[in-house]
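*Asks:* Quick one: the structure is below, questions incoming.
The values are calculated or read from the model by the stated rules, or taken from the named source; none is laboratory data. Bear in mind that the values here come from a model prediction, so they are computed numbers and not experimental data. No Cβ is skipped: glycine too gets one built from the backbone with ideal geometry, and neighbour counts run over all protein chains shown. What goes into the accessible areas is simple: the full protein's heavy atoms, side chains included, and nothing from ligands, DNA or RNA. Shrake-Rupley method; radii C 1.70, N 1.55, O 1.52, S 1.80 Å.
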Amino acid sequence: MVTLEAVRRLALSLPRTEEHLIRDQIKFRIGKIVYLAVSPDETSMGFAFPKEERAALVTAEPDKFHMPRASDERYNWVRVWLTSIDEAEMRELVVEAWRMVVPKRVAAAHLSSPTPPL
């Protein structure tokens with residue numbers, strides 16, 4: 001199972017990421033844009049994801065992914081149960097969410113450098 005500590009370690013290793021506690025929820029953001037959030041009970045992780053593709057993702061794997069709260073459906077956002085993914089899949093989801101909000105040149109520079117083990 002993926003833990004909050006594993007998510008935090010990865011997210012904070014990504015350039016420009018800041019961690020904030022907002023209404024009992026741990027959120028990771030670039031500037032004012034949140035790209036990752038872990039539920040207060042640490043069972044679910046929300047992440048930036050193209051709005052037009054999320055219904056297909058949730059339909060394809062409903063035991064793994066779920067829609068955001070109704071108030072968040074206007075955003076590019078989807079959620080995943082942390083017990084249903086492994087470290088490799090978490091890494092992919094977090095990095096892709098980060099890439100959606102960070103400047104392209106920052107992502108290119110970071111992703112071209114050797115990846116340190118977590």
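*Asks:* Considering the range 1-34 alone, what residues qualify as being polar (S, T, N, Q) and open to solvent by 50 Å² or more (accessible area, probe 1.4 Å)?
*Replies:* 3, 13
*Asks:* Condition first: surrounded by 14 or more Cβ atoms within 10 Å (Cβ to Cβ), free of Cβ contacts under 8 Å to residues at least 40 places away in the same chain and touching a Leu at 6+ places or on another chain (Cβ under 9 Å). Can you find one or more residues in the range 52-63 that meet it?
*Replies:* No, the range 52-63 contains no residue that is surrounded by 14 or more Cβ atoms within 10 Å (Cβ to Cβ), free of Cβ contacts under 8 Å to residues at least 40 places away in the same chain and touching a Leu at 6+ places or on another chain (Cβ under 9 Å).
*Asks:* If I filter the range 64-74 down to residues being assigned to a loop (DSSP other than H, G, I, E, B) and of a type in the set (D, E, K, R), which single residue comes out as least open to solvent (accessible area, probe 1.4 Å)?
*Replies:* Taking the candidates together, the pick is 64.
*Asks:* Within the range 35-51, track down each residue that is open to solvent by less than 20 Å² (accessible area, probe 1.4 Å) and not in a strand (DSSP E or B).
*Replies:* Of everything in the range 35-51, just one residue is open to solvent by less than 20 Å² (accessible area, probe 1.4 Å) and not in a strand (DSSP E or B), namely 39.
*Asks:* Is it true that some residue in the range 92-102 is open to solvent by 30 Å² or more (accessible area, probe 1.4 Å) and part of a loop (DSSP other than H, G, I, E, B)?
*Replies:* Within the range 92-102 (the criterion being open to solvent by 30 Å² or more (accessible area, probe 1.4 Å) and part of a loop (DSSP other than H, G, I, E, B)), the answer is no, since none of the residues qualifies.
*Asks:* Still on this structure, please answer the following. From the list 111, 12, which one is over 17 Å from residue 1 (Cβ atoms), touching an Asp or Glu at 6+ places or on another chain (Cβ under 9 Å) and not in a strand (DSSP E or B)?
*Replies:* Within the list 111, 12, the selection yields 12.
*Asks:* Name the single residue that is surrounded by the fewest Cβ atoms within 10 Å (Cβ to Cβ) among those in the range 80-91 being charged (D, E, K, R) and touching a helix residue (DSSP H, G or I) at 6+ places or on another chain (Cβ under 9 Å).
*Replies:* The selected residue is 87.
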